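What follows draws every value from the coordinates through simple rules; no lab data is involved. Predicted model, so just to flag it, every value in this text is computed and none were measured. No Cβ is skipped: glycine too gets one built from the backbone with ideal geometry, and neighbour counts run over all protein chains shown.
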Amino acid sequence: MSNATQTYREERQPLVREVQRKANAGERIKIVASDDRRYSNGDEFVVDEIGRAGVFVKHPRGRRNGCAGIFHSEYVVLEPIAPSLPDLFAQFIRDNAPAVRSYLAEIDPDKCAEPTEDVAQSAPAPLTRAKAIEMARERVAELERIGSDRDSELMESAQFSVTFYAIEFLINRNKRAVTALVYPTDSGGSRVYRRPAAVGIAKCAPDDVFNTDLGKAIAAERALGLTLTDAFVDAPKPTEPAKGMTVGFYDTEGEYLRMTVTDVSREKLRGTVDGSKGFVYRNAGSRYGGNCTDPAIIDDTDAIYPQEAGEAA
């Protein structure tokens, strides 16, 4: 799942992505559509308070207790991205390749020879959609466990590092969004307040494929103030329809329909369309699809991927 804009800016430390959404208190924002002379596009602030129509930030010319109001439409949120250790190591090798080769040649010339075919084939396999979903489920389970474990701490989070908490998810598959509500709790798991202390929203982009597990992981990390995991934000899209997926297509009269796939063959997909069973040819006419091409995959929350069937990815 992804948001409307995710621009990686390598010149900043730490790395950040620009996301169009409502900010939470304590998050850094960047002005992109200034509607006030007190600040200009490109200015960055830390959100001090949330208002009904926008946010308030510390500003020398602020008229509200030293704070200035900024409408939600004027800014994007700067979300930090922590580079992984393999990425940092790979960058180090790229930046120092001549020195590394020279050093290795001095230690053991034999090991500096061209890599064999076996070594080339030992490279890690690329991340699959199914693996990303499995990782997302494990991530959510781990975050929920930490929130109720007396001996665990969420050190990455400024707000919930040493606090008991519980996460509640609101899932809207029609709007392709997942909301995570974080409630502080006591040691017995009872909520301390009726209202959530933090909210995180993961909304699927129009050209992306919705998945509840990926959405829950992103929303939970966002609500807890954690760095978003790239494997969830940039999870590979499914390329072929599979059992359990929801796909969309146009019928012979131009009406847009959705199908829950129950069977896949080379020539057609079989499933349920608007409560009735039917099929749609993937590259030809059908009683539902007309001259439709491969239907677009909309939702793979209930898809059965090869790993789940005990096959190789």
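Could you work out how much longer the chain between ARG195 and THR262 gets when fully extended? Use 0.36 nm per residue separation minus the Cα distance between them, nm to one decimal.
Extra length from ARG195 to THR262 when fully extended: 20.1 nm.
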*Rounded to the nearest 0.05, what FRET efficiency is calculated for ASP274 and ALA158 with R0 set to 41 Å and r the Cβ-Cβ distance?*
0.30
*So for the pair ASN174, ASP234, with labels modelled 7 Å out along Cα→Cβ, what separation do we get in nm?*
3.5 nm
*asked:* As I understand it, the dipole of the stretch 143-285 uses +1 on the Cβ of Lys and Arg and -1 on the Cβ of Asp and Glu, about the Cα centre. Which of MET245, PHE164, PRO184 lies farthest toward its positive end?
replied: MET245
*Once you have the Cα-Cα distance between ILE107 and ILE50, take 0.36 nm times their residue separation minus that, and quote the gain in nm to one decimal.*
14.6 nm
